[in-house]
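Quick note: the coordinates plus some simple rules give every number you see, no bench work behind them. Only a predicted model underlies this, so the values are computations on that prediction, with no experimental measurement involved. Methodologically, a virtual Cβ is constructed for each residue, glycine included, from the backbone with ideal geometry; neighbour enumeration extends over all protein chains shown.
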Amino acid sequence: MIKLKGVDPQMIANNLTPFKPTHPGEVLKDEIESRGISQRKLSKQIGYSYTVLNEILNCKRVVNTEFALLIEAALGIDAKILIRLQNDYNLQVARKDKKLIDRFNAIRKACAAL
């Protein structure tokens, strides 16, 4: 978290959490559309089934390391960017999960009593 003297940390853009997390599939979908590449052509190039690629691009599957590296080879997009986007997405979704929030609160309460 970035801190500046006299400035509320919640008012610094780099400290803000987006209302809706960005799945890396959204970014990839925009990228291949802007390049005019069909999903079928890309799926053949990287050796993934069209269905799996389509599910990733429609945010129904996660981007794993192997997929990110294949995309890096095919499109030149750094795999680290895709992996970081997926991690950020996972964390943001998990932090909004009601069951996990209840579990976190129970853990915090138990640890505070130690």
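Taking Cα atoms, how many degrees apart are the long axis of helix 98-112 and the longest axis of the chain, rounded to 10 and kept between 0 and 90? The angle comes out near 40 degrees. Sequence-ordered 3J(HN,Hα) estimates for region 43-49 from the Karplus curve with 6.51, -1.76 and 1.60 and θ = phi - 60° stand at 4, 5, 4, 8, x, 10, 5 Hz, glycine and proline given as x.
In order along region 58-67, the Karplus-derived 3J(HN,Hα) couplings, from 6.51 cos²θ - 1.76 cosθ + 1.60 at θ = phi - 60°, round to 9, 6, 9, 9, 7, 8, 9, 4, 4, 4 Hz, and Gly and Pro are given as x.
Starting from the Cα-Cα distance between Thr22 and Ala112, subtract it from 0.36 nm times their residue separation and give me the gain in nm to one decimal. Please list the in-between numbers first.
Working: separation 90, 0.36 × 90 = 32.40 nm, distance 3.39 nm.
Between Thr22 and Ala112, full extension yields 29.0 nm more.
Between the listed residues Ile77, Ile46, Phe67, the Cα displaced farthest toward the positive end of the dipole of region 17-112, a dipole computed from Cβ unit charges relative to the Cα centre, is found at Phe67. Straight-line cross-link reach from Lys29 at under 24 Å between alpha-carbon atoms covers these lysines, not counting any fewer than eight positions away in the same chain: Lys20, Lys41, Lys44, Lys60, Lys80. With the simple model of a label 7 Å out from the Cα in the direction of the Cβ, Glu31 to Val93 spans 1.9 nm. With angles folded into 0 to 90 degrees, how steeply does helix 24-35 sit against the dominant principal axis of the chain? Use alpha carbons for both and round to 10. It is inclined by approximately 40 degrees.
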